[in-house]
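Notes to accompany the following structure.
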Amino acid sequence: MDLSELEGFVVEAKRATYVGTGAPAESSRPGAHDMCHARGRWSYRDSYFGGTDFLGQETVWHDGEPVWAMNYYGYIVRPHMFDARRAGETTKAALCAMYAEGRFLGGFEWDGPHGVYRDVSRGTVAQFHGRETIAIGGVVLYGLDYCGGLIRP
């Protein structure tokens, strides 16, 4: 499998679903919120639980076989100072800017009206882990930890 093609599809799918406010898909599990994207031989599903604090998994299939996945857990660190609405607005705007660069990994910083978004990760699309945060005045108000990579039989 061409890893650059996989990475390009992951960015495309992320842009079309969460950041692009894609239409919800039928829930794959009781209580889950799902969004899907497909093109040609590729398909993608983002399935998560929760809202203010949430846990999810993104999966990519190629020709019907699972080939890549990413798990994530996001949460409001200081609920007395920050809320899910501001976290969502900031995250969507920052990710939109990062995906416009054609990537979803690597260092990225974006300054918005609700704080400074930072993403720090290690690895490549084949195997990676990272953390995104939103901070105001150096105080972290929101965090999300993620990891993932290739699925091999």
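Key figures for this structure:
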| read-out | value |
| --- | --- |
| Mean separation of Cα contacts under 8 Å, 6 or more apart, over the residue count of the chain: relative contact order % | 19 percent |
| Alpha-carbon Debye profile of the range 85-153, log10 I(q)/I(0) at 0.19 Å⁻¹ | -0.73 |
| Distance in nm between pseudo-label sites at CYS96 and ASP145 (7 Å out along the Cβ direction from Cα) | 3.0 nm |
| The range 1-35 and the range 56-124: distance between their alpha carbon centers, rounded to Å | 13 Å |
| Vicinal HN-Hα couplings computed from phi for the range 24-41 (Karplus, 6.51 cos²θ - 1.76 cosθ + 1.60; Hz; Gly/Pro x) | x, 9, 4, 5, 7, 8, x, x, 8, 10, 10, 9, 10, 8, 9, 7, x, 7 |
| Inter-label distance for ARG131 and ALA38, nm, one decimal - labels placed 7 Å from Cα along Cα-to-Cβ | 3.8 nm |
| Dipole in debye (nearest 20) - the chain, about Cα centre, beta carbon charges: Lys, Arg +1; Asp, Glu -1 | 200 debye |
| ³J(HN,Hα) computed for each position of the range 125-142 - Karplus, 6.51 cos²θ - 1.76 cosθ + 1.60, integer Hz, glycine/proline x | 4, 6, 6, 7, 8, x, 8, 10, 9, 10, 9, 10, x, x, 9, 6, 10, 9 |
| Selection from HIS33, ILE76, HIS129, by position along the positive dipole direction of the chain (Cβ) | ILE76 |
| Option label - P(r) over Cα pairs in 10 Å bins from 0, in percent computed here, alternatives [x] 10, 40, 34, 14, 2, 0; [y] 11, 42, 36, 10, 1; [z] 12, 45, 36, 6, 0 | [y] |
| Gaussian network model of the chain, springs between alpha carbon atoms under 10 Å - residue of MET81, MET98, MET35 with greatest fluctuation | MET81 |
| CD proxy at 222 nm, helix term only [per DSSP H run n ≥ 4: -39500 (n - 2.57); per residue of the chain; nearest 500] | -6500 deg cm²/dmol |
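Just so you know, all these numbers are worked out from the coordinates, no wet-lab data involved. Note that the coordinates shown come from a computational prediction; the quantities given were computed from them, not determined experimentally. For neighbour counting, all protein chains shown are included, and Cβ atoms are generated from backbone atoms with ideal geometry for every residue, glycine included.
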